[in-house]
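Data first, discussion second: the structure below is written as structure tokens.
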Amino acid sequence: MLELAKSENDEEMIASLEADFQALVSQVDDMEMKKMLSGEDDAYPALMNINAGAGGTESQDWASMLLRMYTRFFEREGMPFRVLDVQEGEEAGIKSATIELTGDYAYGLMRSEIGVHRLVRISPFDSNARRHTSFTAVYLYPVQEDVDVVINPADLRVDTYRASGSGGQHINKTDSAVRMTHIPTGLVSSCQTERSQIQNRETALKVIRTLVAQHYRDVEDAKRADRQATKQKIEWGSQIRSYVLQPYQMVKDLRTSHETSDTAGVLDGKIKPFINAYLLSGGQIV
């Protein structure tokens with residue numbers, strides 16, 4: 001029909017066919033995405049944890065770079081998110097961060113990031129300008145509002161402390177931040193971004209419920225428990241993606257082999273091609 005319309009110079013028919021084609025492309029994209037995001041937990045919101053590995057300031061700086069990378073990605077994609085907690089490093093960077101993702105299919109879209117991320121660069125903290133390798137782990141947990149988990153208040157230890165970072169006079173003068181520990185499992189959640197201790201306590205409880213629910217699911221599922229143990233080993237051999245800034249520029253996903261030399265773009269949040277490649281490959285968590 002397009003060849004016929006072109007041969008007769010029928011601009012109206014050509015425009016109609018182009019509109020139909022774009023509509024079909026959109027339908028195929030939607031169907032492909034639904035197929036990729038058909039996992040048991042994919043449709044749920046999620047909690048993302050970023051944890052610096054061993055290596056002190058160098059790894060903590062790398063963790064802060066990943067935090068910025070992800071927040072820039074969420075902004076680019078219009079994904080609703082909220083940084084619940086950031087534990088600052090002693091000299092630079094962060095020890096850990098927790099991000100709440102509330103959009104549809106947040107877990108399915110971001111599960112590609114679960115694992116250890118490796119950075120190779122000339123360290124800005126080394127006076128001899130030597131090359132360093134740093135590791136940071138990223139975890140993701142599905143947030144299921146209807147999860148059947150009952151937490152005994154007696155099993156929780158709640159500590160309050162003065163929040164750090166930005167937030168104005170209020171955040172610097174009150175012990176509004178809350179750290180909550182689930183004693184039977186040793187799991188910990190923190191929140192310091194709300195203006196009141198009560199709000200921080202409610203958010204920390206929501207996070208701890210999610211972590212505890214995931215813990216018990218992992219205990220019941222040996223395969224998931226094994227994968228979790230692998231993710232927690234923040235060292236050589238367990239990384240999923242390598243970010244090399246020196247001696248050459250390259251970001252490569254070790255599962256899909258997708259790579260790019262645009263390291264600056266990736267660190268500024270342009271990670272959609274890595275996510276798509278992972279999902280199209282079948283998206284197995286390592």
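Readers should treat all values here as calculations from the given coordinates under stated rules, not as data from a laboratory. Keep in mind the model is a prediction, meaning the values are calculated, not measured. Cβ placement follows ideal geometry from the backbone for every residue including glycine, while neighbour counts extend to all protein chains displayed.
Observations
- Structure-derived Rg and Dmax of the Cα atoms in Å - corresponding label in (i) 19.3, 63; (ii) 22.2, 80; (iii) 20.7, 60: (ii)
- For the options ASP218, ASP29, ASP159, a Gaussian network treatment of the chain with springs between C-alpha atoms closer than 10 Å singles out ASP29 as fluctuating the most.
- Beta bridges by DSSP in the chain, antiparallel share as percent, to the nearest 5: 90
- Sorted largest first, the spans of the alpha carbon positions of region 62-168 along the three principal axes are 54, 34, 29 Å.
- All C-alpha to C-alpha distances of region 3-127, sorted into 5 Å bins beginning at zero, yield P(r) values of 2, 9, 14, 14, 13, 10, 8, 7, 6, 5, 4, 3, 2, 1, 0 percent in whole numbers.
- Span-rule helices in the chain, defined as complete DSSP H runs reaching 24 Å or more along the axis (Cα) with Kyte mean at least -0.5: 11-36
- Sorted by Cβ neighbour density within 10 Å, fewest at the top, the residues ILE99, ILE14, ILE198: ILE198, ILE14, ILE99
- Given LYS35/LYS270; LYS206/LYS252; LYS35/LYS206; LYS34/LYS95; LYS35/LYS95, the pairs whose alpha carbons are separated by over 28 Å: LYS206/LYS252; LYS35/LYS206; LYS34/LYS95; LYS35/LYS95
- Dimensions of region 1-53 from C-alpha coordinates, computed as largest minus smallest value along each principal axis and given longest first, are 65, 25, 14 Å.
- Within the listed set TYR44, TYR216, TYR139, the residue fluctuating most in the Gaussian network model of the chain (springs between alpha-carbon atoms under 10 angstrom) is TYR216.
- When peptides 79-89, 106-116 are sorted by average Cβ neighbour count within 10 Å, with the highest value leading, the order is 106-116, 79-89.
- Value of relative contact order over the chain, rounded to a whole percent, pairs C-alpha under 8 Å and six or more apart: 19
- Sorted on the mean count of surrounding Cβ atoms within 10 Å across their residues, most packed first, peptides 275-281, 7-13 read 275-281, 7-13.
- Sequence-distant contacts, meaning Cα pairs under 8 Å at least 6 residues apart, place the relative contact order of region 34-127 at 38 percent.
- Here the dipole of the chain is about 1520 debye; that uses its Cα centre as origin and unit charges on the Cβ of Lys and Arg (positive) and Asp and Glu (negative).
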